[in-house]
1. When the range 239-256 is examined, which residues are found to be under 21 Å from residue 101 (Cα atoms) and open to solvent by 10 Å² or more (accessible area, probe 1.4 Å)?
2. Which of the residues belonging to the range 29-66 are within 16 Å of residue 193 (Cβ to Cβ) and open to solvent by less than 60 Å² (accessible area, probe 1.4 Å)?
3. Going by the structure shown, is residue 111 surrounded by fewer than 24 Cβ atoms within 10 Å (Cβ to Cβ), more than 14 Å from residue 20 (Cβ to Cβ), of a type outside the set (Asp, Glu) and at pLDDT 95 or above?
4. Can you find a residue that is assigned to a helix (DSSP H, G or I), among the hydrophobic types (A, V, I, L, M, F, W, C) and touching a strand residue (DSSP E or B) at 6+ places or on another chain (Cβ under 9 Å) anywhere in the range 30-43?
5. With the requirement that a residue be touching a residue at least 12 places away in the same chain (Cβ under 8 Å) and more than 16 Å from the ligand (Cβ to nearest atom), what does the range 267-286 give you?
6. Report, by residue number, each residue of the range 131-157 that is surrounded by fewer than 24 Cβ atoms within 10 Å (Cβ to Cβ), within 14 Å of the chain's Cα centre (by Cα) and not hydrophobic (A, V, I, L, M, F, W, C).
7. Could you identify the single residue in 204, 226 that is within 16 Å of the ligand (Cβ to nearest atom) and under 25 Å from residue 152 (Cβ atoms)?
8. Looking at the range 258-266, can you tell me whether even one residue there is free of Cβ contacts under 8 Å to residues at least 12 places away in the same chain, within 16 Å of the ligand (Cβ to nearest atom), out of contact with any Lys or Arg (no Cβ under 7 Å at 6 or more places or on another chain) and of a type in the set (A, V, I, L, M, F, W, C)?
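The values are calculated or read from the model by the stated rules, or taken from the named source; none is laboratory data. Values in this document were obtained by computation on a predicted structure and should not be read as measured data. Neighbour counts run over all protein chains shown; Cβ positions are idealised from the backbone, glycine included. Just the protein is used for accessible areas: all its heavy atoms, side chains included, with ligands, DNA and RNA removed. Shrake-Rupley method; radii C 1.70, N 1.55, O 1.52, S 1.80 Å.
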Amino acid sequence: MVSETHVTPADLIWPLFVREGADTAEPIATMPGVFRHTVDRLPALAKEAEALGIPAIALFPYTPSHLRTAGGEEALNPENLVCQALRAIRDSGANVGLLTDIALDPYTSHGHDGLIDDSGHVLNDATVEMLVAQALNQARAGADIVAPSDMMDGRVGAIRAALEADGHHDVQIMAYSAKYASGFYGPFRDAVGAGGYLKGDKKGYQMDPANAREALREVALDIAEGADSVMVKPGLPYLDIVRRVAERFDVPVFAYCVSGEYAMVEAAAAAGMLDRNRVILEILTAFRRAGASGILTYHAPDAARLLNG
Ligand code: PBG
């Protein structure tokens, strides 16, 4: 009766990894309990999300190495893994929101989120053109929400304009507005196969973990450009940023409890160091207490089962 915050499955977004092939769930060594699923398995997972009361899933592709190029052209292929997955889920009738990531790192041979010059420097404006085409490709395949995770300047406005011109008035943009250059993304890079390719780091476009006021400027820009909601990422180490963004701005604020955070909980629980289910729910409560409208978490299905009792 006196609880100030509540968590329900409706607050959760479940990220899923997609791979090619048939009827396979491939384990990811650095994310125990998380799998790369073949496209044919996704409708059942989408229906599981729906049955659990999880309103949306986020799709990330594991692109085979022969399809990775310096220019990341596979991102624009209407038959790429994400587009196949979107259509398969749509055709299945599963009633769940479909969120897709906008960034080139699952498709580039160098593992960066954008196009690079000869010295390895990421080219902002040339990348934005690619991201716009990628967003249209995903919207045409059925994405409900596109989520630019690339941190290029000006991409939200450019994507919004292109979506409108192409008739996708109802497709939302969830902007990864305050995304930090973080060590907590390591397991994710294994999951999408980008880690082995990445040359250098992403500090040229992702944020400095030392900065908080800069996050507010990034969020303000994305909202001005047309973002429907914004995200702070990683999650737990950046709860102060979630709080500041939620207090300052009147758009939904999402937090991404990232792969490294998931891995920490699983590793500690497997070693008998803490009570897994208890900390999963405590972590989600902390996000809500800090002001997050929702949380992207690999624990989504297990958390929903716990919450549904
Ligand atoms: C890529 C992207 C990343 C994540 C989501 N989209 C990794 C990165 O920026 O290197 C991380 C998610 C996670 O760690 O769970 N643009």
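1. 251, 252, 254
2. 30, 31, 34, 36, 37, 38, 59, 60, 61, 63, 64 - these are the residues of the range 29-66 that are within 16 Å of residue 193 (Cβ to Cβ) and open to solvent by less than 60 Å² (accessible area, probe 1.4 Å).
3. The answer is no for residue 111.
4. Yes, because at least one residue in the range 30-43 is assigned to a helix (DSSP H, G or I), among the hydrophobic types (A, V, I, L, M, F, W, C) and touching a strand residue (DSSP E or B) at 6+ places or on another chain (Cβ under 9 Å).
5. 270, 277, 279, 281, 285, 286
6. The answer is 144, 149.
7. Of the residues listed, the single one that is within 16 Å of the ligand (Cβ to nearest atom) and under 25 Å from residue 152 (Cβ atoms) is 204.
8. yes
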